[in-house]
Amino acid sequence: MHKFWRRSRGYGLTLIGIAILLVLLFPLVWVVLSSFQPTADFYAPVASLIPQTFTLENYSSISSQIGPLLTTLVIAIFTAALSLAIGIPAAYALAVFRWRWVAIAMFLILITQVVPGVMVATPLFLTFSRLGLLNSIVGLVIANSAAGVPFTILLLTAFMSGIPGSLREAAHLDGAGEWRTLFSVIVPTTRSAIVAAALFSFLFAWGDFLWALTLNTNGTITPLSLSIFQFVGNFQTNWGGIMATSTIALVPAMILLVGAQRYISVGLTAGAIKD
Amino acid sequence: MRPRRSSYQRRAALMRLLFIVPVAVFLALVFGYPIGFNLWLTFQSFDLVSMISGVSEFVGLDNITAVLADPNFASAARNTAIFTVASIAIQFVIGMALALFFYNVFPLSKAIRALLVLPWLVPSIVATTAWRFIFKDPSGFANQLLGVVGIPPVHWLTSSDTALVSVIIINIWIGIAFNLVLLHSGLQSVPVDRYEAAQLDGAGYWQRFRHVTLPALGPVIAVLLVLGFVYTLKQFDLIWTLTQGGPGNSSQLLSTWSYTLSFNSNAFGQGAAVADFLFLASAIIIVVYTLVQRKQSNA
Amino acid sequence: MKKVLAIAAALSATALVLAGCSATGGDSGSKTLQVLTYAQGDQVPMYKKFFDQCSADTGYTFEQLQVPANDLLNKAVQLTASGSGPAVILADNQMIAGLANAKALAPITLGSLSASDFVEGPLKSGQFDGKQYGLPVGNNGEVIVYNKKLLADAGLAVPTSWDTLTAAAKALTTSDRYGFGQTFQGGETLSWNYWAQLWSAGGSIAKLDSPAAVESATFWASFLKDGTAPQASLQWQSDNLISEVAAGRLAMAQVGTWTLSKLLSEAKDAGVDIGITTQVSKSGDAPVVPFGGEVMAAGASATGDALKAVNDCIVSWSSDTAGLAERDEFLGYLPSYIPAQAAVLKATPYLQVLSDQLADSRGRTEEVGPNYQSRTVAVSTALQQIATGAATPEEAMKTAQTSAAAADK
């Protein structure tokens, strides 16, 4: 009897969870549904939930979106990698080295987060053009990491400063230097936060539009957001094309999220940071 | 004469600096130079002509006084304050509620929670396209829903009374995922035995939340709010793609106004001056945050 | 964690290879000339055909790069500053003053063409400080379309003045139909729709808080205020206008001539008979309207032989008269090069109204030169403020003048 109640409570929660999901994801669900309606229907006076006429015309040129999809994927993955490579050591240093100017450093890193991207755009464009980084994946990875690196540091510093000093001391007593301590003790302990940082850095790059627009000057590199934007006109907009391309952008994102989810949910287990 | 030990210590200190050299170089390139450039622009008569000729004049505080004298400044500052506070407060509450809900483990809970992150993941242009049709005037989905309960249609994005509210709603929608992930991650780190101890003491759900969960989440919440603050303060894509600050200036924020001044009116100095005000506002919040944090870690 | 990293590494390696494949084969050295444009949709292949011909004729490779219309001016200057600027800029004619003033353009010659063969205003729109930097691609403008049957049923004459347009809009508005609409979305389109009214009241773009400016702005926003124009038009693009007019939900609309062919064909399919007339003026006299259309200009980055190739290409747009007629007809433009006009008017008689209007037209930058940009931003904001009741016309236009003047040189 007890087991029955617990199980049905579980399914009840699942139902509530799905309801929450449907409400919150409604806009995206509609993007997918509407990608199957003709562009003319987007101008109908009353928007309809289910396409009145079903069509695949919006997907007719979809093969041309494979390049942009891969470009976006490469940029996002390398952005996450670079953010971790730079961010993890920095977060460790700021969390445990007890430098007197840590507060100032944290302040400077936080302050980078308040800079509106549009204000960075022009100077960064000029710098990148001098360094030959325009129209390159490397340039976009660096620019996108501008969001990922500070985020990683802030998040990981918060988690790493929660780790008891005794863990580190034990590693030192075993003869490990700071780098080894970081990679063999601290990183495994904070892995869920690290995956979260990587995921968010990835997301910043995945959704980026500003850098794609400003740091590309000759159309050789076209991330997905830029290729979606090309459907938006000064006088008219190809809504059908936008919806179809957006749907293509959603699918890998969904797979990634569901796939990476359990690494986030592992969390910092109580055992790892027990005092 | 210093003891020999100190050279070893100095070497160790230098080794430690290696941990932050990459980040220092990176931040100087991506932020240091642009911020310096922006500050310099604030005091220059920089326009399209200067961009190619490289010639501009020092104009003192002219750009700042021009911006302050502009009637648009007050409204953009007010809109930014409302936008930021409302967005953060509401997305935090919803994010917390969802994080607590998903603290329960039930069938599919992980997959559902994962999918909830999608609004954050999609390029903003996808999100805003969808919302454009939800808020479509007069018969988008939002008005259809209101019609069911007998409320007359609202001109969501096309009225100066509701445009700001509409973009706030969308910004909250985007920000929920961010709050949910961090708070949920934080909840996992609250030691279960503290809950058990509180339960033995006869604490109810609300009391356990107040006295165990919230304090334990302290650092995460602080990071969340500060980051939420700066991200919201500079939110740009969303407004730019949906309303461009309009109609009129009713959804104009400091960030979009700065962009308009720089890139549409070609008044780069004035745009830079507005961006300076954004720095200033954020800097104040961040100073408070660092001071509080320092006090706590010293305590 | 390790597994995630391994998967990520494998994925990125594959993706890198694939992306590398799709990205190669673009640059072929300095022989590539960039064409900066905001052309869109089926205009892109049309222009591509033209520039491919230029490539074949000159031995250079002309490549289009599309940017949003509002960003073009800035982007062109930025690219030029970085040393990799465009060789050809297809700019809205109001941007030429700003581009030339910033030294982003290079002067050209008319080659085999004769200045007297061009309509004067449009030709001058390619000039700055006495130098010719580009030639007009063709001209467009805003006209008023109306539902013939609805007007006739209501016993209304075709409106020509502020009073008759206001009266007609009121008479034609019903519970499921609006009287008069246009795209009231912020930006250049909104401002340039309004200039003819500002001028007809005796105002000037140089002084946005003059009584004439306040009066004309009040008139122009009145349709939204009194509900004869839909509030939704604050977010409309031309395609919205087309579908609303064709569906009979909008009795009259001010539309760009480049949308006419689509509008007329959709209206015909829907069985709606459409009339076309000029924009209105305060008194009802023939209005002075701003002329629109792009100028194909030479970018400052083109020098020496490259500039010569660019010059030849720009001249060939008009010197190939038959091709010009075909291209402008496709764009919904009237050629600024007079020898090609007859052919276009014959093929698309509905452009006659545009032709009539162009006789009395004015360039948008004639009054304020390179200071035009800040004015168009300020006016479009003010018009929206008046239309939504967020500010009185006096306040809104005063703010507009203050903001615009602060950005003046």
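The values are calculated or read from the model by the stated rules, or taken from the named source; none is laboratory data. Since the model is a prediction, treat every value here as computed from it, not as a measurement. Don't worry about glycine lacking a Cβ; one is built from the backbone with ideal geometry, like all the others, and counts go over all protein chains shown. Please note that ligands, DNA and RNA were not included when accessible areas were found on the heavy atoms of the full protein model with its side chains. Shrake-Rupley method; radii C 1.70, N 1.55, O 1.52, S 1.80 Å.
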With each label point set 7 Å from Cα along the Cα-Cβ vector, what nm distance links C:Ala154 and A:Arg180? 8.7 nm
Hey, rough spin-label estimate for B:Val55 and A:Ile255, points 7 angstrom out along Cα→Cβ, what's it come to in nanometres? 5.8 nm
Accessible surface ranking that places the most exposed of C:Arg362, B:Arg194, A:Arg7, B:Arg208 first, with a 1.4 angstrom probe: A:Arg7, B:Arg194, C:Arg362, B:Arg208
Isotropic mean projected area of the C-alpha convex hull, segment C:264-321 (nm²): 8.1 nm²
If you find the alpha carbon centre of segment C:314-381 and of segment B:46-63, how far apart are they in angstrom? 34 Å
Cross-link partners of C:Lys149 among aspartates and glutamates (Cα-Cα below 13 Å; sequence separation of 8 or more within a chain): C:Asp273
Nearest 100 Å² is fine: how much accessible area is buried between A and B, summed over both sides, with a 1.4 Å probe? 8400 Å²
Can you give the local net charge around B:Phe102? Use residues other than it whose beta-carbon is closer than 13 angstrom to its beta-carbon, Lys and Arg +1, Asp and Glu -1. +2
Please arrange A:Phe42, B:Phe43 by accessible surface area, largest first, computed with a 1.4 Å probe and ligands excluded. B:Phe43, A:Phe42
Reach of B:Lys110 by Cα under 24 Å, taken over lysines that are not fewer than 8 positions away in the same chain: A:Lys3, C:Lys2, C:Lys3
Cα centroid separation - segment B:206-280 against segment B:70-139, whole Å: 13 Å
On full extension of the chain, what length is gained from B:Ala222 through B:Gln9, given 0.36 nm per residue of separation minus the C-alpha to C-alpha distance? 73.2 nm
Helix-only mean residue ellipticity at 222 nm for chain A, each DSSP H run of n ≥ 4 adding -39500 (n - 2.57), per residue, nearest 500: -22500 deg cm²/dmol
Taking all pairs of different Cα atoms in segment C:213-345, averaging 1/r and flipping that mean, what Kirkwood radius in angstroms comes out? 18.1 Å
Residue mean of other protein chain beta carbons inside 10 Å, A:168-180: 1
Between A:Ser8 and B:Leu214, how high is the FRET efficiency from 1/(1 + (r/R0)^6) when r is the Cβ-Cβ distance and R₀ = 41 Å? Nearest 0.05. 0.85
Would you mind calculating the gained length between C:Arg249 and C:Thr109 on full extension (0.36 nm times residue separation, minus the Cα-Cα distance), in nm to one decimal? 45.5 nm
Chain C: calculated mean residue ellipticity at 222 nm from DSSP helix runs of at least 4, using -39500 (n - 2.57): -15000 deg cm²/dmol
Give me a single rounded figure for A:181-189: the average over its residues of other chain Cβ atoms within 10 Å of their Cβ. 0
Take A:Ser64, A:Ser145, C:Ser204 and sort them by solvent-accessible surface of the protein heavy atoms, 1.4 Å probe, largest at the top. A:Ser64, C:Ser204, A:Ser145
With every protein chain in place, the protein assembly as shown: carbon and sulfur % of accessible area (1.4 Å): 62 percent
Would you calculate the convex hull of the Cα atoms in segment A:61-273 and tell me its volume per residue in Å³? 144 Å³
Mean projection area, nm², convex hull over Cα of segment A:100-224: 9.6 nm²
C:Asp129 accessible area, assembled protein chains, probe 1.4 Å, Å²: 140 Å²
Note: B:212-222 gets an average of partner chain Cβ contacts (10 Å, Cβ to Cβ) equal to 1
Cα→Cβ-extended label distance, 7 Å offset, between B:Ser139 and C:Asp71, nm: 3.5 nm
Could you pull the Cα extents of segment C:223-298 along its three principal axes, largest to smallest, in whole Å? 41, 31, 26
Share of pairwise Cα separations in the protein assembly as shown, more than 49 Å, in percent: 26 percent
How high is the FRET efficiency from C:Asp226 to A:Leu49, r the C-beta distance, R0 41 Å, rounded to 0.05? 0.75
What angle, in degrees between 0 and 90 and rounded to the nearest 10, separates the Cα long axis of helix A:239-266 from the longest principal axis of the Cα atoms of chain A? 20 degrees
Provide Rg and Dmax in Å for segment B:72-298, with only Cα atoms included in the calculation. 20.3, 66
Between A and C, buried accessible area summed over both sides at probe 1.4 Å, in Å² to the nearest 100? 2900 Å²
How high is the FRET efficiency from C:Asp269 to C:Asp52, r the C-beta distance, R0 41 Å, rounded to 0.05? 0.75
Please state the shape class of segment C:92-131: rounded when a/c is under 1.5, otherwise prolate if a/b exceeds b/c and oblate if not, all from the C-alpha gyration tensor. oblate
How large is the helix-only mean residue ellipticity at 222 nm for chain B, computed as the sum of -39500 (n - 2.57) over DSSP H runs with n ≥ 4, divided by its residue count, in deg cm²/dmol to the nearest 500? -21500 deg cm²/dmol
At q = 0.13, 0.19, 0.24, 0.27 Å⁻¹, the log10 of I(q)/I(0) for segment C:114-167 from a Debye sum over equal Cα scatterers comes to -0.57, -0.70, -0.92, -1.09
Skip the ligands, DNA and RNA, and give the accessible area per residue of the protein assembly as shown with a 1.4 Å probe, whole Å². 39 Å²
Roughly how far apart, in whole Å, are the Cα centres of segment C:384-403 and segment C:247-287? 28 Å
